[in-house]
């Protein structure tokens, strides 16, 4: 059984969550049902988050993060995800009109399923105005398996987040690592996703993104022993055998690493930019 995160986990409180139920359309212009808190924050604003992934709308990872985000106060959560598993599709997109159908997450949260790639979900929602609003943030995940170093280039989870940034929307990609000795526990990642959002909430609402939208790639190891450490902010490795990182030493006390590959291997949850360093 995976150990719990050893970090300052945020325990969110919420006041009066209202479930807004509306039928999802079956055409490319339909909008999914959203869930939102009943009251706005002190500034009269609600943070609007679109959630997508690459494992498909019915996957356990997206279900876990949606359930977690729905506990954040003054937050609207809208799910637009691929109809089927699209792992390893990177930033691929579909030519022509995108088709959507109503769907639900594994726990029954209403969603819109896009018949295409992860990046297509963002294109449909934002560029094609499938949603009636522009999200303040796109959360992509929680993915089954880490997307560190060179693996990020192949990841549909990261591809969707990168598409959001291209369209001017802040994005967080989130992945739960796999380990030879334990099954992924997506609940390990949820507090860290929420913590990142809480930390950046004011900036997301103000849309004060400086030279570009906020963006990050979060990877959380699954530990067969010890506890997840961090998170630590580092850089994405441009080279290295990320696919071989399937045994993580969460019992390590080392703090020596140069990039996300090295930090992940010694039990740290890592936060990196969505892109590797230039050059």
Q. For the peptides 219-230, 247-258, what is the packing order when you average, over each peptide's residues, the other Cβ atoms within 10 Å and list the highest mean first?
A. 219-230, 247-258
Q: Mind giving me the FRET efficiency for residue 93 and residue 247? R0 is 41 Å, r the Cβ-Cβ distance, nearest 0.05 is fine.
A: 0.70
Q. Using the beta-carbon distance between residue 202 and residue 129 and R0 = 25 Å, what value does 1/(1 + (r/R0)^6) give for FRET efficiency, to the nearest 0.05?
A. 0.40
(Q) Cβ neighbours within 10 Å, averaged per peptide: list 134-141, 108-115 in order, most packed at the top. (A) 134-141, 108-115
Q) Taking 0.36 nm per residue of separation and subtracting the Cα-Cα distance, what length does fully extending residue 106 through residue 84 add? A) 6.6 nm
(Q) How are the alpha carbon pair distances in the stretch 25-272 distributed across 5 Å bins from zero to the largest one, expressed in percent? (A) 1, 7, 15, 19, 20, 16, 11, 7, 3, 1, 0
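Every number here is computed from the coordinates shown, using simple stated rules; none is lab data. Nothing here was measured: the structure is a model prediction, and the numbers come from that model. Cβ atoms come from the backbone with ideal geometry, glycine included; neighbour counts cover every protein chain shown.
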